[in-house]
Ligand code: ACO
């Protein structure tokens with residue numbers, strides 16, 4: 001029986017920093033409000049003319065390097081994004097070309113901030129089913145492209161970046177232990193981009209009505225997030241036959257420090273086991289979990305043999321969690 005696990009991790013972030021002080025000049029807000037309500041101090045923003053695949057490709061290269069594989073050994077590329085370079089071709093195909101991964105299939109996956117967890121679930125099934133040896137799962141989002149910088153209730157929250165892992169076969173005592181994925185489409189209106197699809201195609205009216213920007217009901221999303229993070233972690237521990245004490249590292253989606261703290265408290269996971277990047281990167285959508293995982297691995301906080309629980313939620317509404325032994 002083939003067991004799938006994480007062979008390598010990588011991430012890439014823009015170098016341009018947007019601080020809370022910068023926002024004080026743009027909208028009616030304060031560093032104090034942003035820090036106490038969200039935990040965010042600064043975020044990274046891509047330069048004009050750059051696209052998601054620019055960062056996603058670098059994240060993939062770093063993940064391949066840490067896994068010790070070359071581009072021709074990649075059998076499949078899954079890119080989780082809600083800000084693709086273009087609606088089509090897929091960003092995964094653009095990355096495939098940039099990497100020179102000539103043996104790889106490629107597709108994009110749309111599950112908003114939960115996209116990375118959906119991606120690793122599909123990748124592990126491809127590996128365990130014997131269809132693929134190495135699958136690149138990359139999450140990349142430039143949320144700055146769909147952020148309304150006149151709307152203070154959303155613009156302070158988001159940042160740009162990409163994170164990737166190589167999923168491949170690992171020894172039996174390691175690898176993915178369980179997944180939990182879910183969706184409640186009835187809550188789609190709480191977090192969405194109204195225009196640009198087939199319902200409201202781009203038009204002068206849709207642009208004027210600011211319908212191409214991300215819209216969010218903050219409080220509804222907050223309540224859902226705390227519920228979903230708790231329930232999904234609970235389920236994944238149960239499916240994996242683990243207890244809360246077995247968690248060595250918790251990598252939650254980075255949307256709000258208060259949501260992360262609530263989840264950590266519920267599971268009694270001490271602070272030093274929770275990976276937090278929100279203060280420096282904000283909410284990077286689907287990328288937030290693999291960026292945080294990559295940092296934890298590179299800093300030696302997540303080591304071979306550790307049980308890592310990753311959990312997230314996002315537009316859809318969607319949620320997901322996985323437990324993996326590195
Ligand atoms: N600066 C100053 N004041 C602000 C700002 C701001 N940037 N934004 C909103 N306010 C004001 C509001 O207008 C409101 O004023 P009012 O009372 O006069 O009406 C007041 O602050 C309180 O607003 P609330 O929305 O009640 O603030 P809350 O404590 O709920 O925090 C926040 C808002 C941070 C958005 C919170 O609801 C949240 O984090 N929600 C979850 C968001 C989330 O997880 N999104 C990601 C989901 S998935 C994805 O990544 C795409």
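The values are calculated or read from the model by the stated rules, or taken from the named source; none is laboratory data. Because the structure is a prediction, the values reported are computed rather than measured. When we count neighbours, we look across all protein chains shown, and the Cβ atoms used for this are built from the backbone with ideal geometry, even at glycine.
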Conditions: (1) touching a strand residue (DSSP E or B) at 6+ places or on another chain (Cβ under 8 Å); (2) under 20 Å from residue 40 (Cα atoms); (3) surrounded by 19 or more Cβ atoms within 10 Å (Cβ to Cβ). Residue 309 meets all but one. Number of the miss? (2)
Tell me which of these residue 189 doesn't satisfy, since it passes every other one: (1) farther than 27 Å from residue 11 by Cβ; (2) exposed (fewer than 15 other Cβ atoms within 10 Å of the Cβ); (3) within 13 Å of the ligand (Cβ to nearest atom). (3)
Scan the range 217-232 and tell me whether some residue there is within 12 Å of the ligand (Cβ to nearest atom), free of Cβ contacts under 8 Å to residues at least 40 places away in the same chain and outside any helix (DSSP H, G or I). yes
Qualifying strands (runs of 3 or more DSSP E) (wholly inside the range 40-129; at least 3 residues being touching a strand residue (DSSP E or B) at 6+ places or on another chain (Cβ under 8 Å) and within 16 Å of the ligand (Cβ to nearest atom)): 42-44
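Looking only at residues that are in contact with a strand residue (DSSP E or B) (Cβ under 8 Å, 6 or more places away or on another chain) and surrounded by 17 or more Cβ atoms within 10 Å (Cβ to Cβ) in the range 193-215, which one is farthest from residue 283 (Cα to Cα)?
193
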For the subset of the range 235-245 comprising residues that are modelled with pLDDT of 95 or more and assigned to a helix (DSSP H, G or I), which member is nearest to residue 179 (Cα to Cα)? 236
Top-ranked residue in the range 139-169 [being in a helix (DSSP H, G or I) and near the ligand (Cβ under 9 Å from one of its atoms); ranked as surrounded by the fewest Cβ atoms within 10 Å (Cβ to Cβ)]: 153
